[in-house]
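Asks: Sharing a structure below in structure tokens format, with a few things to ask.
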Amino acid sequence: MFNYLPYEGESLKVCSFECERNCSEVCCNGATLITIEELKSFYDVFPIYIGFRKYTPIDREHKIFLQNIGGELDDYFIVGDFIAGNRFRRECLGLDNDNLCRLQKEGRKPLQCKIVPFCAIYPESAQDLIFKQQKTSKFANCKGYRDSTEIDKVVWKDGVFTDYYLKDAFFNFQQGLAKQSPFMKEILLHIYKEDFFKDFMEGEGVLEMPIPLPLLFDILEEAGFSDEEMLQFIISQVKLCLRELTEGNAENTVIEDWYNELIEFVKEYNNFVDKSKKNV
Ligand code: SF4
Ligand code: SF4
């Protein structure tokens, strides 16, 4: 996703796009983004942690949206999301041997992956600017861009998505951002005075961190997890993190921190259960 939208060129009337599916190396590497509403669908596939990005609004409508989903600090809005995967990996954990998305085959492709090359942090009406920007940057080698004259490939026209699959994913992602924002704002309140946060504000890029354990169970409850599923979440995350640290690229210190926090929690939980048994 963009931290800012620097492109100030001419608007497009239409955006034409169709995923070619044979260049997944461009968009299916490392990690993807998910919202709180997708945690239940993907906790068994990806290690999941948090990422904060800073944005500047492009207009009044965008400012109201950013105020709703993020925290305001200095001249920026800070928006948090859930990062699913390991960005140091060359290939996404969801990719199958045939180079196609396994999760799509299973009917659970992440919303963010359905939205590519657009971006739900910006208004629907500004997606042409995102489209143009992507074409010259991160998605320069994406083969899905079509000529605007290919009428049957038009997915966005005159400020709105005309492709309903995309439109649906776009607004569901925005809905997820709004739902998770109270948690993200609470985390921001706890970290905004820390040195690492100041470095983030002064620099570029993403601030990544584990999900804070004191908030984890509230987040999982909001995401619709039962008590049993919460336990499964912890077990799956421990296994997935361990796999990244042993078989994947161990340089991901956030996954390492997330793993250590989870192990600490499991130890405390086991001690608690042992003590409870003795007291019975
Ligand atoms: S790079 Fe573009 S065309 Fe290729 S798989 Fe990704 S979205 Fe589809
Ligand atoms: S989840 Fe699927 S579409 Fe998304 S990055 Fe991974 S392999 Fe690609």
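Coordinate-derived values only; no laboratory data. Just so it is clear, the structure is predicted and the values come from calculations on it, not from any experiment. Cβ sites come from the backbone with ideal geometry, for glycine too, and all protein chains shown count toward neighbours.
Asks: Do any residues in region 13-24 that are touching a residue at least 40 places away in the same chain (Cβ under 8 Å) have Cβ atoms under 6 Å from those of residues that are more than 13 Å from ligand 1 (Cβ to nearest atom), where the two are at least six apart or on different chains, and which pairs are they?
Replies: Between residues of region 13-24 that are touching a residue at least 40 places away in the same chain (Cβ under 8 Å) and residues that are more than 13 Å from ligand 1 (Cβ to nearest atom), the close pairs are Val14/Ser148; Val14/Val154; Val14/Lys157; Cys15/Asp128; Cys15/Trp156; Ser16/Ser148; Ser16/Glu150; Ser16/Val154.
Asks: Checking Lys54 against (1) more than 21 Å from Glu247 (Cβ to Cβ); (2) crowded, with 22+ Cβ neighbours inside 10 Å; (3) under 13 Å from the mean Cα position of the chain (by Cα), only one condition comes out false. Which one?
Replies: Failed condition: (3).
Asks: Here is a list: Phe197, Phe183. Which entry is without any contact (Cβ under 8 Å) to a residue 12 or more places away in the chain, part of a helix (DSSP H, G or I) and surrounded by 15 or more Cβ atoms within 10 Å (Cβ to Cβ)?
Replies: Exactly one of Phe197, Phe183 is without any contact (Cβ under 8 Å) to a residue 12 or more places away in the chain, part of a helix (DSSP H, G or I) and surrounded by 15 or more Cβ atoms within 10 Å (Cβ to Cβ), namely Phe197.
Asks: Moving on. For region 103-115, state whether one or more residues are under 30 Å from Asp158 (Cα atoms) and touching a Leu at 6+ places or on another chain (Cβ under 6 Å).
Replies: Scanning region 103-115 turns up at least one residue that is under 30 Å from Asp158 (Cα atoms) and touching a Leu at 6+ places or on another chain (Cβ under 6 Å).
Asks: Take the residues in region 119-140 that are more than 15 Å from ligand 2 (Cβ to nearest atom) and assigned to a loop (DSSP other than H, G, I, E, B); name whichever of them is surrounded by the most Cβ atoms within 10 Å (Cβ to Cβ).
Replies: Applying the filter and picking the extreme gives Ile121.
Conditions (1) over 30 Å from Leu240 (Cα atoms); (2) out of contact with any Pro (no Cβ under 6 Å at 6 or more places or on another chain); (3) among the hydrophobic types (A, V, I, L, M, F, W, C), marked per residue:
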| site | (1), (2), (3) |
| --- | --- |
| Asp74 | yes, yes, no |
| Ile121 | no, yes, yes |
| Ser137 | yes, yes, no |
| Trp156 | yes, yes, yes |
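Asks: Next question. Which pairs do you get when a residue that is among the small types (Gly, Ala, Ser), found in region 32-47, comes within reach of a residue that is away from ligand 1 (no atom under 16 Å from the Cβ), reach meaning Cβ atoms under 9 angstrom, with the pair 6+ apart or on two chains?
Replies: Ser41/Ile34; Ser41/Arg108
Asks: Just give me the residues in region 23-70 being in contact with a helix residue (DSSP H, G or I) (Cβ under 8 Å, 6 or more places away or on another chain) and of a type in the set (Ser, Thr, Tyr), in sequence order.
Replies: Scanning region 23-70 gives Thr32, Thr35, Tyr43, Tyr49, Tyr55.
Asks: Further, regarding this structure: Give the number of residues within region 240-262 that are assigned to a helix (DSSP H, G or I) and surrounded by 14 or more Cβ atoms within 10 Å (Cβ to Cβ).
Replies: Qualifying residue count, region 240-262: 14.
Asks: Still on this model: Find the residue count for region 102-118, including only residues that are within 9 Å of ligand 2 (Cβ to nearest atom), assigned to a helix (DSSP H, G or I) and under 14 Å from the mean Cα position of the chain (by Cα).
Replies: 3
Asks: Would you kindly identify the strands (runs of 3 or more DSSP E) lying entirely within region 1-96 that contain at least 2 residues that are within 11 Å of ligand 2 (Cβ to nearest atom) and out of contact with any Ser or Thr (no Cβ under 6 Å at 6 or more places or on another chain)?
Replies: So the answer is 31-34.
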